[in-house]
Amino acid sequence: MKSRVPLRKLIWYDLRVGTKVNIYRYLFATVILVFISELVLLLAHDNHLSLQLWDLFYQIFEGLPEYTKERESQFQLPVLLMMFQLFMLFTIGSYPKQDICGYGRNVFLESGSRKRWWGSKCVWLCVNIMVYYVLAIFILAICLWVQGSPVSFKVTDSMTFQQVGKNTVSFFGNLLLLPLLVSETMGILQLFIGVFLRPIWGYGVSIALLVISAYKVNPLLIGNYFMMARNRYFSLDGKLSMTEGSIVCLILFLGIMILGSWMMGRYDILNKGD
Amino acid sequence: MKVEVKNLSKKIRGTMILQDINLSMTSGHIYGLRGKNGSGKTMFMRCLCGLILPSEGGVSIDGAYIGKDIDFPPSVGVLIENPSFLNSYTGFQNLQLLAGIKGKISDEEIKEMLAAVGLEPEDKRKYKKYSLGMKQRLGIACALMESPDMILLDEPINALDQKGVELVKALLLELKKKDKLIVVACHDNGELEYLSDTIYAVENGCIGPEEKV
């Protein structure tokens, strides 16, 4: 007798329970996003800049130009970007691991398939990160509105950043989709380490990846693709493009997803201390 | 349903947890597992339901091997170690959420199951406010609610009062009559002997010869 549960039901369960379990994390992340938005607006005010929605978003993802090791140069971290990403990773938290070792163990058994369970967690992760981005844009818009600035989702010439190209699709691809794709890739890496090792290790690896990416430009250090200051579309000195970023991230994402699915088929579900 | 365990061994981080276990179980029987803490009862149950996979040998359910042909037994209800539920949901809400995944049973059936284990179906208290005994009863209700063909209960009468113990015993005997295959691990020899048709002694990961009760 086959008793497989449809994937959509598992996904629905994860969306429901994952949100329920992580609700305080989302609230905390919301507060941090408001803080980041206000910080950017304050800095803009100090510099007498009038920012629009995508200016604000750009400011968060601007990052830093390539670091060159010279006697007088000082290594800096892209603080806003790191805060944004770390709180996004914080919303993922330890839910998948908690789920499989606790309440979700029954669901795991009912799923009828280990790979299906893993697939559901991957979908949950993707949705979770997309929601975080939507939430961030929404909060940025609210903060602008509270300041009395007009809120528009259009791309205009009056924006504060430089674009090498003027194509709107490329603009959103570089500013929005590429960071989203990098976030999804970092998220699945954290999910993988969190489920098969420990959630805190996954978080540690994500932080390390962001720091190393800030220090060194390398196509495989995916944290680089977050930074618009290193992106050819926004900076003439930029070394990285959306195409290579998308390819690297997609390969990594799919690779980790497939490896996770394979490992889940062999993974023992034990309790802490076993 | 027929469960066959053949040459089952499990090693975790270099330690042999289960060693060369061979036995056979069929529907309509209650099998008891007796043994000290750490003897391997829980690990054996985990192998039976597919939570852990054998290092050698295997467990087959009606000829299909767990980890090869199937990931889990097709119809299994499990209470292994402490029950775990969502703290901010009531007992009913917790079971409703789980039952919604398969959609096999109605809200009424969930309420009947709660009543059968001695819980008040309309109780508005959240799970976090439950006593240990109530949590255990909810765990049992969760394992039994979808009327699975195979039921694995690890220390089901832990933390239960005498009335609760009697309820659970009656429920299990009723399920046995319905041709379910039930495996119970229990420290209480008297209760285990009362419930089980066959008892296996588990010691250092090995299972001794069966004792017919």
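Of all the residues in segment A:1-22, those that are modelled with pLDDT of 90 or more, facing chain B (nearest Cβ under 9 Å) and open to solvent by 70 Å² or more (accessible area, probe 1.4 Å) number 2. Among the conditions (1) within 14 Å of chain B (Cβ to nearest Cβ); (2) farther than 16 Å from A:I11 by Cβ; (3) touching a residue at least 12 places away in the same chain (Cβ under 8 Å); (4) among the small types (G, A, S), the only one that A:S111 does not satisfy is (2). The criterion of at least 1 residues that are more than 10 Å from every other protein chain (Cβ to nearest Cβ), open to solvent by 40 Å² or more (accessible area, probe 1.4 Å) and without any contact (Cβ under 8 Å) to a residue 60 or more places away in the chain is met, among strands (runs of 3 or more DSSP E) falling completely within segment B:25-135, by B:56-61. Of all residues in segment A:39-60, those satisfying the criterion of being surrounded by fewer than 15 Cβ atoms within 10 Å (Cβ to Cβ) and in a helix (DSSP H, G or I) are A:L42, A:L43, A:H45, A:D46.
Taking the listed residues A:V155, A:V195, the one that is modelled with pLDDT of 85 or more and not polar (S, T, N, Q) is A:V195, with no other qualifying. Test A:R266 against the stated conditions and say whether it is open to solvent by 60 Å² or more (accessible area, probe 1.4 Å) and more than 14 Å from chain B (Cβ to nearest Cβ). Taking the combined requirement at face value, the residue does not satisfy it.
When you check A:S120 against the structure, is it at negative phi, at pLDDT 95 or above and among the polar types (S, T, N, Q), yes or no?
Answer is yes for this residue.
Among the residues of segment A:106-120, just one is open to solvent by less than 10 Å² (accessible area, probe 1.4 Å) and of a type in the set (D, E, K, R), namely A:R114. The set of residues in segment B:171-213 being of a type in the set (G, A, S) and either closer than 24 Å to B:P73 by Cα or at pLDDT 95 or above (or both) consists of B:A185, B:S196, B:A201, B:G205. Across segment A:42-55, not a single residue is classified as within 14 Å of chain B (Cβ to nearest Cβ) and either touching an Asp or Glu at 6+ places or on another chain (Cβ under 8 Å) or of a type outside the set (A, V, I, L, M, F, W, C) (or both). Of the listed requirements (1) of a type outside the set (S, T, Y); (2) part of a helix (DSSP H, G or I); (3) modelled with pLDDT under 95, B:I157 misses just one: (2).
Could you run through segment B:162-201 and say how many residues are hydrophobic (A, V, I, L, M, F, W, C) and assigned to a loop (DSSP other than H, G, I, E, B)? It would help to see each step written out before you state the result.
If we filter segment B:162-201 for residues that are hydrophobic (A, V, I, L, M, F, W, C), which is where we start, we get B:165, B:167-168, B:170-173, B:175, B:181-186, B:192, B:195, B:199, B:201.
Among the residues that remain, those that are also assigned to a loop (DSSP other than H, G, I, E, B) are: B:186.
Summing the residues that are hydrophobic (A, V, I, L, M, F, W, C) and assigned to a loop (DSSP other than H, G, I, E, B) in segment B:162-201 gives 1.
Let's see how each residue does on (1) within 16 Å of the chain's Cα centre (by Cα); (2) among the charged types (D, E, K, R); (3) over 15 Å from B:E210 (Cα atoms):
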{"position": "B:S9", "(1), (2), (3)": "no, no, yes"}
{"position": "B:T26", "(1), (2), (3)": "yes, no, no"}
{"position": "B:R34", "(1), (2), (3)": "yes, yes, no"}
{"position": "B:N37", "(1), (2), (3)": "no, no, yes"}
{"position": "B:G40", "(1), (2), (3)": "yes, no, yes"}
{"position": "B:M43", "(1), (2), (3)": "yes, no, yes"}
{"position": "B:L48", "(1), (2), (3)": "yes, no, yes"}
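Suppose the filter is modelled with pLDDT of 90 or more and of a type in the set (A, V, I, L, M, F, W, C); does A:V164 pass it? No. Go through the residues of segment A:97-113 one by one and say whether even a single one is acidic (D, E) and more than 30 Å from B:N94 (Cα to Cα). No: zero hits.
Annotation: of all residues in segment A:84-105 being open to solvent by less than 30 Å² (accessible area, probe 1.4 Å) and at the interface with another protein chain (Cβ under 9 Å from one of its Cβ atoms), the one that is nearest to the chain's Cα centre (by Cα) is A:G104. Restrict the check to segment B:200-208 and report whether at least one residue is free of Cβ contacts under 8 Å to residues at least 12 places away in the same chain and surrounded by fewer than 15 Cβ atoms within 10 Å (Cβ to Cβ). Among the residues of segment B:200-208, at least one is free of Cβ contacts under 8 Å to residues at least 12 places away in the same chain and surrounded by fewer than 15 Cβ atoms within 10 Å (Cβ to Cβ), which makes the answer yes.
In segment A:62-73, the residues that are under 25 Å from A:A44 (Cα atoms) reach residues that are open to solvent by 80 Å² or more (accessible area, probe 1.4 Å) and modelled with pLDDT of 80 or more with C-beta atoms within less than 7 angstrom, at least six apart or across chains, in these pairs: A:L64/A:Q76; A:P65/A:D237; A:E66/A:K239; A:Y67/A:Y215.
When each of A:R25, A:R16, A:R8, A:R4 is tested for being assigned to a loop (DSSP other than H, G, I, E, B) and of a type in the set (D, E, K, R), the lone residue that passes is A:R4.
The values are calculated or read from the model by the stated rules, or taken from the named source; none is laboratory data. Model, not experiment: these values are computed from the prediction. In this analysis, Cβ positions are derived from the backbone assuming ideal geometry, glycine residues included, and neighbour counts consider all displayed protein chains. Just the protein is used for accessible areas: all its heavy atoms, side chains included, with ligands, DNA and RNA removed. Shrake-Rupley method; radii C 1.70, N 1.55, O 1.52, S 1.80 Å.
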